Amino acid sequence: MSEALELSSMPANYGDPAAEYAAVRDGGAGLLDLSARGRIQLSGSEAVPFLNGLISNDVKALQPGSWMNAAFPNVQGRLLAAVRILNRGEHFLIDTEQATHAKVWALLERFTLAGDFHITDVTSQTGLISVQGAAAGAVIGQTLGESVSELERERIVTTQTSEGEEVSVIRATHTGEDGVDIFTNAVDSQSLWDAFRISKAQPVGVEALEVLRIEAGLPRYGIDMDETTILSETNLDDAVSFTKGCYIGQEIIARIKYRGHVAKKLTGLVFPEKIGLSHGAKVMVAGRDAGRITSVIWSPRLERTIALGYVKYDFLAPGTSVRVIQDAIEHAAEVAELPFVRGSWYAGSES
């Protein structure tokens, strides 16, 4: 695939995955085409109560010009989709992973005849570009103006490109480094992509992004979480409000919180050597089943094989020794706190 933005999956790489990784992790800026994610627009006088009954966070508290993380649980509190919700004033925009796009649409569509609640799939009409890395603010400032270079978290800034096209900008990370996501019209995506390239942002493909997101401890739907995963197990704590009214799955999620802990939780594992593992490898402690692996990569920063996985509560303490078994071969590992790499996203205030 060329550098042209397409509504399809990202390319594996742009020629040099190591350089792409370094651009993000070592103080520069990486450029991601996230247009394949799903984007659904909601409007109507009853949009807030309908949506609030379906998601784990509180839409009523979301002010115009702000955004938040949220999740769609089922009645058992299991995760159907993790999303971001932007309040644009005249409507809401739901941004979701490509893997859950159709599912979120189906969850919303069944309510469209129940009241003044309107949805429109705007994925093909819009694009989503992300700049990730410690230099993201400088790149954004150079390309879109200083008004967005110091963007507050959880706020939306609407601005214009040099060609007069309107874009919505939020501060967000997909890598553990500082970052900014830009929502734009599909027809304007290419010119904006080119502008970021002129500002020295390095295009980044799936291979480098996968390493970066695992080092950052960020789960991916269909790999690290799915409909069998209870929301409380995923570390998506900022996607849940415990003060809002009723929503689907609330009873289970609240019960787990006030019980004190979940039976298992997504955590990190570090291996002393470079090894090959795959999704589903078993985690064992003293012959007891302790969990399973979901994602594995070699970390250039840590110079270790690292993995995300679900580990039972009794073995979650960082430093706990475990054995990971695949194809009858055992590998030593230790439980590690997430994120593995605390990048520029964590510098200074995390508010």
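The values are calculated or read from the model by the stated rules, or taken from the named source; none is laboratory data. The model shown is predicted, which means the values in this text are computed figures rather than measured ones. We place every Cβ from the backbone using ideal geometry, glycine too, and count neighbours over all the protein chains shown. To get the accessible areas, we keep the full protein, side chains included, count just its heavy atoms, and leave off ligands, DNA and RNA. Shrake-Rupley method; radii C 1.70, N 1.55, O 1.52, S 1.80 Å.
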Tell me, what is the percent relative contact order of the stretch 103-192, built from C-alpha pairs under 8 Å that lie six or more residues apart?
-> 30
Dividing the mean separation of Cα pairs under 8 Å (6+ apart) by the residue count of the chain yields a relative contact order in percent of 19
For the chain, build the charge dipole from Cβ charges (+1 Lys, Arg; -1 Asp, Glu) around the Cα centre, then report which of Leu54, Ile256, Val75 sits farthest towards its positive end.
-> Ile256
Along the charge dipole of the stretch 152-290, which of Val167, Asn185, Ser278 sits closest to the positive end, that is, farthest toward it, with unit charges on the beta carbon of Lys, Arg, Asp and Glu (+1, +1, -1, -1)?
-> Ser278
Give the accessible surface of the chain per residue, rounded to a whole number of Å², with probe radius 1.4 Å and ligands, DNA and RNA excluded.
-> 43
Estimated D of the chain in µm² per second, where Rh is the Kirkwood radius over Cα pairs and Stokes-Einstein applies at 4 °C, 1.567 mPa s | 62
Leaving ligands, DNA and RNA out of it, report the carbon-plus-sulfur percent of the accessible area of the chain at a 1.4 Å probe.
-> 50
Evaluate the charge dipole of the chain about its Cα centre and quote only its size in Debye, nearest 20, assuming +1 on the Cβ of each Lys and Arg and -1 on the Cβ of each Asp and Glu.
-> 1260
In the stretch 268-351, trypsin sites (Lys or Arg not before Pro) in a DSSP loop with at most 11 other beta-carbon atoms within 10 Å = Lys274
Taking K and R as +1 and D and E as -1, what net charge do the other residues with C-beta under 13 Å from the C-beta of Glu163 add up to?
-> -4
To the nearest 20 debye, the stretch 135-255 has a Cα-centred charge dipole, built from +1 on Lys and Arg Cβ and -1 on Asp and Glu Cβ, of 120
Low-density loop cleavage sites - GluC sites (Glu not before Pro) in the stretch 165-252, where at most 15 other Cβ are within 10 Å (DSSP) = Glu165, Glu227
Report the relative contact order of the stretch 246-351, percent, no decimals, based on alpha-carbon pairs under 8 angstrom and at least 6 residues apart.
-> 28
